[in-house]
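Below is one structure, written out as structure tokens; the observations come after it.
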Amino acid sequence: MSLIIRDLHARVKDGADILNGINLEIPKGEVHAIMGPNGSGKSTLSKVLCGHPAYEITAGSVEMDGQNLLAMSVDERSRAGLFLAFQYPVEVPGVTNANFLRAALEARLPKGEEINVVDFYKQLRGRMKSLGMDTKFTSRAVNEGFSGGEKKRNDVLQMMMLDPTYAILDETDSGLDVDALRIVSDGVNAMRAPFRSFMVITHYKRLLDYIRPDVVHVLYKGRLVRTGGFELVDYIEEHGFDFVRNEEE
Amino acid sequence: MDFPDSGNDMKLAMEKVEAQTRLATAPTPDRLNENWRFGRPHKHAAALVELLADTAGTPSCGTVTIEDASGCTDKIDKEDADSELLMSTIGSDRILGLHLQRFGKGAALFIEGQLTEPITITYETDSLFTPTTLIIAAPGARARIIERHITRGEGCMVCARIVQAAEGAELSIELEETGSGTSRAMNIINISAVQAKVRHLSRHSNHAWAREETIAEILHSEGEADIRLYSANRLSGDQVLDQHTRQIHTAGRSASDLLYKNVVEDNATAIFAGNIYVEAGAHDTDAYQSNRNMLLSEKATIHSLPGLEILADRVRCSHGSASAPMDEEQLFYLLSRGIPLHEALQLVAEGFLTDAVDRFHSTADND
Ligand SMILES: Nc1ncnc2c1ncn2[C@@H]1O[C@H](COP(=O)(O)OP(=O)(O)O)[C@@H](O)[C@H]1O
Ligand SMILES: [Mg+2]
């Protein structure tokens, strides 16, 4: 079982091409890191996988555990086990964190069934504490007025609560200080399991020192131009992305 | 404005008003009249005037229910009338005049001290009901008042509410206006504060047509007065909600704020005409006004006219209006967590309104 992306091309609706033929297979149980300079299409890839309406797929296919991912609606993809921790999590005024998560969890139950509220709050508060979040955040509107780091943690909290099989983390490290980075990484590491995979998007080695990837890819101008092991991370840390730029041009 | 010395005087003031002069001169609702210009008002408003005129002198049909542990509320149920209660409106003088001509029913609150339990007043009708609420807060009084209007069938609720808050008083007032889908409602609200804090929230649901005129006035002494007006409404079908507001600062070093939000679906219409008026000499005033609408259909109509008239110096004022469809990124965020489309739409739309309700509660709690 795996997430298989074949020759994926996508563009902004009526706009420029951004993904130019991505081929990638992430088997269950593995952590894949995606690195690449700004603007190479990392966030676009993650949003396209979730079905963001701003983009149009022009070619290719994506299979998730044998299902045609691209034929599914955004919410179906989530319920089928896909999760994206956004680079820029959105503020939703007037909808509390707790109600938001309850709605997301209840959507996963058979119609008419409700979650056990006591268990839900117990689990929620436990996970918030493990992420170093103030439990008062349960009754605050989703991400509204949160600092950059608080928003990132909140997305990781959602990931923990929704228990996905394929989780994408888009620059979750940006905005986190050293301590927060360790706390969040510990949380992700605790979720690593043979039945789950991660796609970790980052610019920096420091996150990958905590969340050791099995495979590392470099995305450049909408294509995966390098695949390797941790040595690729070390190389990029030292030399930056100039080597891909030079070779590709 | 003078505050009555005792509850008795105040209750006298509550009775029916001689409004003939006003009636004789007041214009009939018409599109040519500035205050009735928008959103096809005349059909409903003219019918309302006719209805009120035809039934002048007949008893008001509806019930008044009061829950008040403090005992500072009296039910008004009087047929004799001799005193005057002057109010101004933003366009509906004629309706108010007719309202005041009818036999009085309603509630009179004279609040002293700090009440711990909220006072709840419920007006219910299935025909034409013209209740009046008078809320007078003595110096230092504190209370929370919830007023519910329930109109059934083809009923029509025409309510006048006068709020007077003296030095150091703090009032939190909620109006829940509930209709039947075919009902109509008219609210005329006059709030005046003298170095007092008043928060007012109105929520309308399910009237075929509703109009609300709110005048909030900061009077007399400089400093410390703070009036906040909030509204959060959801309109669908062919519903029309027509809200007019005026924030008047006659004394300086005080604040007023307004946030009115609507979610408008189908063919519904939301009208907002607001005005901030800062009198010459009311220096160091803070006055803000914001009308925000979420449009869920291309056929929905918004008329939003915020306005300012500033005659004083050192004034911080702003007004704004924004109307837009639902934010796509917010919707996508909910969908991406597996929440189905219909529910995601409801959550974001309700959240948009809850935001205003939360602000009302948080300002009421904080001070
Ligand atoms: N919705 C959009 N509208 C217009 N341009 C976009 C949109 N999304 C992405 N792009 C463009 O596509 C390119 C890749 O963006 P992105 O995927 O955010 O890169 P990365 O995450 O690797 O920094 C950039 O040039 C960006 O400006
Ligand atoms: Mg990005």
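Can you find, within region B:157-188, the residue that is nearest to B:Ser88 (Cα to Cα) among those that are charged (D, E, K, R) and part of a strand (DSSP E or B)?
In this case the residue turns out to be B:Arg161.
Looking at region B:108-133 only, could you name the residues that are among the polar types (S, T, N, Q) and within 14 Å of B:Lys75 (Cβ to Cβ)? Talk me through it step by step, then tell me what you get.
Of the residues in region B:108-133, the ones among the polar types (S, T, N, Q) are B:114, B:116, B:120, B:122, B:125, B:127, B:130, B:132-133.
Within region B:108-133, B:Thr120, B:Thr122, B:Thr132, B:Thr133 qualify.
Listed residues B:His361, B:His303; which is more than 14 Å from chain A (Cβ to nearest Cβ) and either surrounded by fewer than 18 Cβ atoms within 10 Å (Cβ to Cβ) or assigned to a helix (DSSP H, G or I) (or both)? Break it down into steps so the answer makes sense when it comes.
Details: B:His361 fails: more than 14 Å from chain A (Cβ to nearest Cβ).
After applying the criteria, what remains is B:His303.
Look at region A:32-48 and say how many of its residues are within 19 Å of A:Ser78 (Cα to Cα) and either away from ligand 1 (no atom under 13 Å from the Cβ) or not basic (Lys, Arg) (or both).
Adding up the residues that qualify gives 5.
Residues that are in contact with a Ser or Thr (Cβ under 8 Å, 6 or more places away or on another chain): find the strands (runs of 3 or more DSSP E) completely inside region B:91-152 holding 2 or more of those. Write out each step before concluding.
On the way: elements: B:104-111, B:119-125, B:132-137, B:142-151.
Those strands (runs of 3 or more DSSP E) span B:104-111, B:119-125, B:142-151.
Residues checked against (1) modelled with pLDDT under 95; (2) within 13 Å of another protein chain (Cβ to nearest Cβ):
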position: A:Ala103; (1), (2): no, yes
position: A:Ala107; (1), (2): no, yes
position: A:Tyr121; (1), (2): no, no
position: A:Arg125; (1), (2): no, no
position: A:Gly145; (1), (2): yes, yes
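So B:Ile339 fits all but one of (1) out of contact with any strand residue (DSSP E or B) (no Cβ under 8 Å at 6 or more places or on another chain); (2) in a helix (DSSP H, G or I); (3) under 25 Å from A:Pro89 (Cβ atoms); what number is the exception?
(2)
Is at least one residue of region A:168-184 away from ligand 1 (no atom under 16 Å from the Cβ), within 14 Å of another protein chain (Cβ to nearest Cβ) and not polar (S, T, N, Q)?
No: zero hits.
Within region B:230-263, can you find the residues that are crowded, with 24+ Cβ neighbours inside 10 Å and under 16 Å from B:Asp286 (Cα atoms)?
Result: B:Gln247, B:His249, B:Ser254, B:Ser256, B:Leu258.
Cβ contacts < 9 Å: first residue open to solvent by less than 60 Å² (accessible area, probe 1.4 Å), restricted to region B:286-298; second residue in a loop (DSSP other than H, G, I, E, B) and hydrophobic (A, V, I, L, M, F, W, C), any location; separation 6+ or different chain. Result?
Close Cβ pairs satisfying both conditions: B:Asp286/B:Val315; B:Ala287/B:Val315; B:Asn293/B:Ala300; B:Met294/B:Met326; B:Leu295/B:Met326; B:Ser297/B:Ala268.
So which of A:Gly60, A:Gly51, A:Gly21 ends up being more than 8 Å from ligand 1 (Cβ to nearest atom) and within 14 Å of another protein chain (Cβ to nearest Cβ)?
Just one listed residue meets the conditions, A:Gly51.
Looking at A:Lys13, is it within 15 Å of ligand 1 (Cβ to nearest atom), within 14 Å of another protein chain (Cβ to nearest Cβ) and in contact with an Asp or Glu (Cβ under 7 Å, 6 or more places away or on another chain)?
So A:Lys13 passes the test.
Report, by residue number, each residue of region A:166-191 that is polar (S, T, N, Q), under 13 Å from A:His203 (Cβ atoms) and touching a helix residue (DSSP H, G or I) at 6+ places or on another chain (Cβ under 6 Å).
A:Thr172, the sole residue that qualifies.
Scan region B:144-160 for residues that are open to solvent by less than 10 Å² (accessible area, probe 1.4 Å) and touching a Pro at 6+ places or on another chain (Cβ under 9 Å) and jot them down.
B:Ile145, B:His149, B:Met157, B:Val158, B:Cys159, B:Ala160
Using the structure shown, decide if B:Leu331 is at pLDDT 95 or above, open to solvent by 40 Å² or more (accessible area, probe 1.4 Å) and within 12 Å of chain A (Cβ to nearest Cβ).
no
What number goes with the only condition from (1) more than 10 Å from chain B (Cβ to nearest Cβ); (2) more than 15 Å from ligand 2 (Cβ to nearest atom); (3) crowded, with 20+ Cβ neighbours inside 10 Å; (4) assigned to a helix (DSSP H, G or I) that A:Leu70 does not pass?
The single condition A:Leu70 does not satisfy is (3).
So which residues in region A:37-51 are closer than 15 Å to A:Arg226 by Cβ and near ligand 2 (Cβ under 9 Å from one of its atoms), if there are any at all? Outline the logic, then answer.
Restricting attention to region A:37-51, the residues satisfying the condition of being closer than 15 Å to A:Arg226 by Cβ are A:37, A:40-42.
Selection gives A:Ser40, A:Gly41, A:Lys42.
Exactly one of (1) in contact with a Lys or Arg (Cβ under 6 Å, 6 or more places away or on another chain); (2) under 30 Å from A:Ser78 (Cβ atoms) is unmet by B:Glu265. Its number?
(1)
State whether the residues of region A:78-97 include one that is crowded, with 21+ Cβ neighbours inside 10 Å and at pLDDT below 95.
For region A:78-97, residues crowded, with 21+ Cβ neighbours inside 10 Å and at pLDDT below 95: present.
Assess whether A:Ala59 counts as being more than 30 Å from A:Asp209 (Cβ to Cβ), open to solvent by 10 Å² or more (accessible area, probe 1.4 Å) and within 16 Å of ligand 2 (Cβ to nearest atom).
When the stated conditions are applied, A:Ala59 does not pass them.
Out of curiosity, is A:Asn20 within 16 Å of ligand 2 (Cβ to nearest atom) and either modelled with pLDDT under 95 or of a type in the set (S, T, N, Q) (or both)?
So A:Asn20 does not fit the description; no.
The values are calculated or read from the model by the stated rules, or taken from the named source; none is laboratory data. What you are looking at is a predicted structure, and each value in this text was computed from that prediction instead of being measured. All Cβ positions, even for glycine, are placed from backbone atoms using ideal geometry, and neighbour counts span all protein chains on display. Surface accessibility is based on the protein's heavy atoms, side chains included, excluding ligands, DNA and RNA. Shrake-Rupley method; radii C 1.70, N 1.55, O 1.52, S 1.80 Å.
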